[in-house]
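For reference, the structure discussed in these notes is given below.
What follows draws every value from the coordinates through simple rules; no lab data is involved. What you are looking at is a predicted structure, and each value in this text was computed from that prediction instead of being measured. Backbone-built Cβ (ideal geometry, glycine too); neighbour counts: all protein chains shown.
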Amino acid sequence: MQQQDRRVARARLDRELRPLRMMAKAQPQTRGHLRAVRQALGMRAGEMADRMSMHRSVLYRLEESELAGTISMGKLQDVAAAMGCVLVYGIVPSHGETLEELAGCQVLDRLAEKGDPRAWNEGDIKRILELPSLKIEKLLKAVDMV
């Protein structure tokens, strides 16, 4: 994927994932969504298990595997559907920034690792010129050029 294509893809994903970024910033997050949603809907475990044609103990294991981070996406979708819900999945930067900002920080990190600006290539220079001026200043400080 070319640089311009990546920028367009990041912009599209940033718009798409904005609600999830906002959710990720909110604290605290609910742990164990399957059980929390089931209980909020007033569904007993036995009722839920019957809907899914499984024993109640299997449902409890699924809820526990969600907490442990070992449940599969398919099982999450199945349980959500049995509750009349859909699974919403997204990957967002860990500090709430946009993908574009994260990509810029990663460029800065890679260039700072190279250290000596004489080791930078033409692609590095193009990436620097695309960064906001504040990030360029941070980079230059990192390589002792300011």
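Entry for region 1-57 at q = 0.25 Å⁻¹: log10 I(q)/I(0) = -0.96, Debye formula applied to identical alpha-carbon scatterers, no solvent contribution. Computed on region 31-93, the Cα convex hull volume stands at 86 Å³ per residue. Where the alpha-carbon atoms of region 1-132 are placed on the principal axes, they occupy 67, 28, 25 Å, in descending order. Modelled spin-label separation between D124 and Q77, with each label point placed 7 Å from Cα along the Cα-to-Cβ direction: 4.4 nm. By the count of other C-beta atoms within 10 Å, a proxy for reagent exposure, L111, L102 are ordered fewest to most as L102, L111. Here the Karplus relation 6.51 cos²θ - 1.76 cosθ + 1.60, evaluated at θ = phi - 60°, turns the backbone of region 4-13 into coupling constants of 5, 5, 5, 5, 5, 5, 5, 4, 5, 5 Hz, with x for every Gly and Pro. Net length available on complete extension from H55 to M43 is 2.8 nm, with 0.36 nm assigned per residue and the Cα-Cα distance removed.
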